[in-house]
Every structure is written in structure tokens, then in C-alpha cells.
Amino acid sequence: MRRPDSRYFRIAGIVVAVLVIILLIGGYIAYSKREVLLQKAISKAKAKAKREYNLDVKIGSAHFTGFSTVAFSDVSIVPDQRDSLLSIRNFVIKVKVLPLVVGHIKLADVILNDGHLNLTSIKGVRNFDFLFRKKRDTTQKSKVDLAKLSDNLVNQVLYKIPDNLDLKNFLITFRDDSSQVQVLAQQALIRDGKLTSAFDINKGAAIWHFAGTMHPSDKDIAVKLYADHQKIELPFIEKKFKLKFNLDTLTMRLDKVEHGNDETQIYSYFAVRNMLINHPALSPNNIIVPNGSINANLFVGENYVSVDSSSVVHLKKLRANPFIKYTLKPTKIYEVKVNTGWVNAQDFFDSFPQGTFESVEGIKVTGKLNYKLALYLNTKDPDNVRFYSGLDRQNFKILQFGRANLAKLNQDFIYVPYEKGKPMPARDISPANPNYTPLNSITPNMRYAIMTAEDPSFYRNHGFVEESIRKSIATDFKEKEFKRGGSGISMQLVKNAFLVRQKTLSRKFEEILIVWLIENNGIMTKDRMLEVYLNIIEWGRNVYGIGEASRYYFNKRPSELELGECIYLASIVPSPKKGLYAFEPDGSLRYRLHGYFRLIGNLMAERGYINRDTNAYGFYNVRLRESLRPKMAPVDTAAADSVLAAPDDEQGGVGVGVPPPNIGDKKVDEDKDEKPGFFKRLFGGKKDTVNEQVKERVKDSVKLTRQQRREQKRLEKEKRKELERRGLL
């Protein structure tokens, strides 16, 4: 083998020596000029802060104290015409040299003494609003890769965590028009990867500690937050948002960060001990989680952000795998999946946080359960949203009821309705009550009208109409608000019989759970459920049950109700207290209900409950009980329409059947110029004979004007489309 020519080694040595000399000369020049370069960099930073953010930045002194260490003193930042934002007396920073060579700024040491970060928001004026000010971007926008962006962001954050930190006496305050928060970092130290700290909250109200390990270069961080001899509390949040929140400890961990195959993967862990949450929208009681955690694996791709299905949620004895994905381009898509796998049924119920499902607290069960949830919503095509929610069971059996006896409705019981949290007079749901009416003593038309309006598939479903829920999700998304609908007869029964009327998220889930238990375990027959439902729901002010309702409105027994009266009673179930607004002073129904009667009647005829007719299915025969008519003083049409159209949801939710009559559409009200009033038709006009006047009255009461006919057809078409959209036609 031929040996390399020694001349090449000499040439290589000379080149290396020259490069070293150049670097040394350049380093010497840079080192000798570093103070000048530092001052120029500071001047540029000040000018940029003033130009782009209108900030007045002042630095008392800034100089190098070592090869890569800079010391600052008397630093202040004041936004223009705002309160002072930041002041620091002493600030020393040291960067790592080797990363700096390749353009990365990694902090080695940070020393900060006597600082104050002051945040204010007084009468809408914030001294930190420059953070939200958008800069004009005149450059052409390029495609953003979320995977690369997230990887860079994580690295930048980790690079700014120093290997060694010595922070003392740093005050953070926030003040707005109604409250003030003060956090004093008495000390925060990082030494050899170990973090210790002490934070004084609101002048001695509490002492918080962050403690753990910090190895940002290895992307390995584990920190625990706790307080001395008390819970971590956030009174500012409670005062501002009525959200009570506290816990014993909060553990946070960053396990690793990986980037490859056009995806950034962030593996993290969060855990809480004895967490308490209370908010009027969540639950009337404190919700307590003794211990809960999540291994959250966040995957970020070029155009999506997701919590991967490899993530695991632990709640007491329950374990679940969540999947959440948000795709931004080319269209926004939401995906959610949850799967618990098969778990012991008792562990499933024992894992519910305290304060969520009071009715089933203490329940004893056997067998296995598996909960699955799947949602896929393309924002460009919300009508085709995909939704599934199911609780599968194996050998499931209830051994003992919890706090609520779910079988109590199978026997005589006392029902106490509540209004605004206050009990109303109790009702005896038994034959001892003269107003109690067995199902076979209620006219079939009443049963059919209620089922058509509230729950058409009542005898076939198991308490839930999945297609209706799917359609309501699409509607809620398109309307950007929660519309009424989705509660069938089973769910309304549970709301009224077992739960309070407070509208909270936990109550909704509790209602769903109780319905599942009753429907899937044969606790009640469908006939008994319908019978109890008709005997306890509200039909007016202090009017409960079909027996009271039929006598109150029409002075009849439930078995004597005519078809039109049944349809009317079904129409007021969603808002029973407004029932009397549907009548004219003479006891007849306001014409606005005409289209609703035709719709319900046609649907009942399609299902074979009744025969078709051409007279609006008894609309013209409905007459309010005479003794109630004096209460029906003449009311301005628009005002009555407004009252009737206003959302109420008194009964606990509109059914999954036909929507209630939308009486608020002013277009369908009688036109007083086209259709004269009763007395004007009777005494006024050119016709002067009684017979002619009577004929005109009959003609006006039976025949519709062309405008009313067109509007009626339009309304019926809209109602039918609504039913088709909900999957009920």
C-alpha cells in the first residue's frame, strides 16, 4: 500500500494553522470591540421597541463581566402613556459559547435581583396591550408548517431555561378595576438540575413552591407545585369568573420531544391530587377529584394538532384512551374519540368524581362496561357530521341502587316539583289522587300527540335517538349556539322525577346515565314511563299532570279530550307557563298555531294514529275554559308573539320530535288592514243586513286570505324540512 505524500500533511497543517490564526485574530478583534458591539445592539433594540411597540426602554448600565457574561442594572420598560411595565435593579446573564457559534442562544447562568413586573388593566386601558398589536406584514405569506413551527417553539423555550438560576425578590402584580393579585418570588434556584423556589401569594396569604428537576438541554423536566400547609387556590379566578378551584398538588412532566417524518411529538404528563372545581354551569355541588392524571402525547403535523390515542387518562380506577385532532387545512375538521376498553362495572361507577352524579352514588353493580365515543365534524359539511356514543355491557346487573331508588316510579310515590330551587305543593302519584290518570284512561290521541311532538320513536328507542343528537350537533355548530332539542320522553321523565332543574353540565350527564340504567336494565316498562311522564310534567303555572291540565284548560277529564285539545296540550310542553298566551280573548286559539296543528295532525295521520282531515285537525274547535277567559285581556299581537317565541325550556328540554310552534314570526300574524276586527266586521262596512254580516264572519273565520295561505304553506314546508334534517321524517 502506497503511503500518502508527506507534503499533503504539511499543506493541511499550514491551512489549519492559518484558520486558527484568523479565528484568534477575529476573536481578539471581537473581544476588544465587544463593549462597542454591545452598546450598538442595545441601541438597536431600544429603537425597535420604540418604533414597533411604542416602548420606552432604559438601561442604567450594561457591560461584560466575563467572556460571555453581561451585567445590566436599573432596567425599566414603560409603554407610552401607560403605567410602568417592568423594572429590574440587577440582571446578569451568561450564554453558552458553542451553541452561539451555530446561531443558537442557550442560557448558562441567570442572576436576577429586585424586579417588578406590573400588569394593569384600568378602565379598558392595559399597559401590556402592545403584545396583542398586529404588525403590518407586507411580505408574501408562505405556507406555515405547524410541525416545524412547534419544534422550533419548544426548542426556543427550552433554550431560554438556564442551567443555573438565582432569582430573588421578583414581584409580579396584576390590577384591574375590581381586583388585584400579587406574587412575590422570594427565591427561585436551579443548581445542578434541581429546582427549588418560594412564592409569596398576596402578601402572606399563601406560600407556593415549584420544586423538581430541570434538564432543558435533554428535554427532561419534572416539576411539582404545592403550598405550605394549605391548598393551591385561585381566589382571583373565583371572583372574576365564579370558578372555585383548588388542589393539593399539581405535577407536570416533559418526558421527551421528537421531530421526524413531518411531525413533532411532545410526550408530557400531568397529575392532580384532591382537585376541587365548582362553577354554576358545571354543578351545584363541589366536584372533587382525589387523584387524576393524563399521559398527554401531543402530535403536531404540517396542518394538524392532535392528542394521540396513545395518551392515557387515569381517574381513580378508570383508564381511558382519548383522541382529539384538529385539522386546519384545507378545511377545518374536528375529530374526537374516547375508548375505555372493558372495565369492571363497579370500578366504572366508583371512579366518578364526587359531586357529579349524586343519584348513583353508592350504587352496587356487577359485570363489565366499555364506553366508546366518536365524533367527526367537517366544518364545510356539518350536516354530515358523524357521531356515536355507546356504553356496551357484559353480564351487567344492578345489585343495589345508589342514593336514588330508580325503581320508585314503578309504585305509588310523592312527586315534589321545584320552581327556581323552591318546592311546590307535592303531588300524590297514585289512585288516591283524583287528578292521577292511568294510561288507559287517557285518550289515545293525547298519547299520540305527545309522542309525535316529543319522541316519535319512544317505544322503539332506548332513551336516546342518535340521529337526532347527530342532527342537533350540526345545528348547534351552524348556529354557533346551543339550540333546544334532543331530550326524548325518557330523558324528560328522569329530569323531572330524579333531578333538580338547575341547568348544569353534570346534571345533563347524570340524566343520560340514569336513562341508560333504566332503559337497559328493564327497571320500568315503556307504558309505565309514559304514564308517569303524563302525570308529572308541568302544563302551566302550578299545573302538573294531564289530569290537572285537562280540567284547568278545558274542564274535562283526560279521557274526554278532543284531538285539537290534545295537540294544543302537546304544543305547550316545552314552555307550559306561556300556554294561555296561545288564546284569543274569546277563548279561541291564535291563528299562529294553525300551521302547527296541520303539521302534527299530518304526522299523526301518516303513522296511522288518526284519519286525515282538511280542517286543521280540530284547531277551530279548541276553546279555553270559560272561567279563564276574563284573564285573557286583549294583548298586542306583537307582544304576545314575542312572549311565545322567547326560549324557555321550562320542562327541561324540547323533545326530539317536532319543534314547538314558532309563534314569533311576525309575517304570519293577521294583517289588521286586510282583515278587520270582529266588531268592525259585525257593525261596520257597507253591508247592512245581519245575514250578510253573519255570512262575512263565517267566511272570514273559515277561509284564509291568499297571503295567509302562502305563509302557512311556507311554514309547513320549513317545519317538514326541520323534521327531515333531524332524521324524523
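For this structure, a couple of remarks:
- Matching residues, the stretch 313-337, being assigned to a strand (DSSP E or B) and more than 30 Å from Val144 (Cβ to Cβ): Val313, His314, Leu315, Leu318, Arg319, Ala320
- Selection of the stretch 208-230 for residues being over 26 Å from Lys160 (Cβ atoms) and either open to solvent by 20 Å² or more (accessible area, probe 1.4 Å) or aromatic (Phe, Trp, Tyr) (or both) yields Asp228, His229, Gln230.
- Tabulated pairs, the stretch 193-219, first more than 30 Å from Ile105 (Cβ to Cβ), second small (Gly, Ala, Ser), C-beta under 7 angstrom, 6+ apart or interchain: Ala206/Ala227; Ile207/Ala198; Ile207/Ala227
- Applying the condition of being of a type outside the set (Ser, Thr, Tyr) and open to solvent by less than 50 Å² (accessible area, probe 1.4 Å) to the stretch 64-77 and asking which residue is nearest to Asn54 (Cα to Cα) yields Ile77.
- Matching residues in the stretch 370-385 - criterion: being farther than 21 Å from Ser311 by Cβ and crowded, with 17+ Cβ neighbours inside 10 Å: Val385
- Every condition in (1) at pLDDT below 90; (2) in contact with a Lys or Arg (Cβ under 8 Å, 6 or more places away or on another chain); (3) open to solvent by 20 Å² or more (accessible area, probe 1.4 Å) holds for Tyr448 except the one numbered (1).
- The residue that is surrounded by the fewest Cβ atoms within 10 Å (Cβ to Cβ), counting only those in the stretch 528-577 that are among the polar types (S, T, N, Q) and assigned to a helix (DSSP H, G or I), is Ser559.
- Any hit, the stretch 354-368, residues being under 28 Å from the mean Cα position of the chain (by Cα), surrounded by 15 or more Cβ atoms within 10 Å (Cβ to Cβ) and at positive phi: yes
- Any hit, the stretch 495-518, residues being of a type in the set (Ser, Thr, Tyr), without any contact (Cβ under 8 Å) to a residue 24 or more places away in the chain and either within 28 Å of Leu282 (Cβ to Cβ) or open to solvent by 20 Å² or more (accessible area, probe 1.4 Å) (or both): no
- Strands (runs of 3 or more DSSP E) completely within the stretch 384-436 that count 3 or more residues being over 33 Å from the mean Cα position of the chain (by Cα): 386-400, 427-429
- Every residue from the stretch 182-195 that is assigned to a strand (DSSP E or B) and open to solvent by 60 Å² or more (accessible area, probe 1.4 Å): Gln186, Gln187, Arg191, Lys194
- Check on Arg592, of a type in the set (Lys, Arg) and open to solvent by less than 30 Å² (accessible area, probe 1.4 Å): yes
- Qualifying residues in the stretch 231-251 (those that are open to solvent by 70 Å² or more (accessible area, probe 1.4 Å) and out of contact with any Asp or Glu (no Cβ under 9 Å at 6 or more places or on another chain)) - the one modelled with the highest pLDDT: Glu233
- One residue from Leu624, Leu628, Leu580 being assigned to a helix (DSSP H, G or I) and open to solvent by less than 10 Å² (accessible area, probe 1.4 Å): Leu628
- Ile294 vs. criteria open to solvent by 20 Å² or more (accessible area, probe 1.4 Å), in contact with a Phe, Trp or Tyr (Cβ under 7 Å, 6 or more places away or on another chain) and under 28 Å from Glu361 (Cβ atoms): yes
- Neighbours by Cβ (under 6 Å, 6+ apart or cross-chain): first from the stretch 378-394, closer than 9 Å to Ala474 by Cα; second open to solvent by less than 50 Å² (accessible area, probe 1.4 Å) and part of a strand (DSSP E or B): Val385/Leu377
The values are calculated or read from the model by the stated rules, or taken from the named source; none is laboratory data. Since this is a predicted model, take the numbers as computed values, not measurements. Every residue, glycine as well, gets a Cβ built from its backbone with ideal geometry; the counts of neighbours run over all protein chains shown. Note: areas computed on protein heavy atoms with side chains; ligands, DNA, RNA excluded. Shrake-Rupley method; radii C 1.70, N 1.55, O 1.52, S 1.80 Å.
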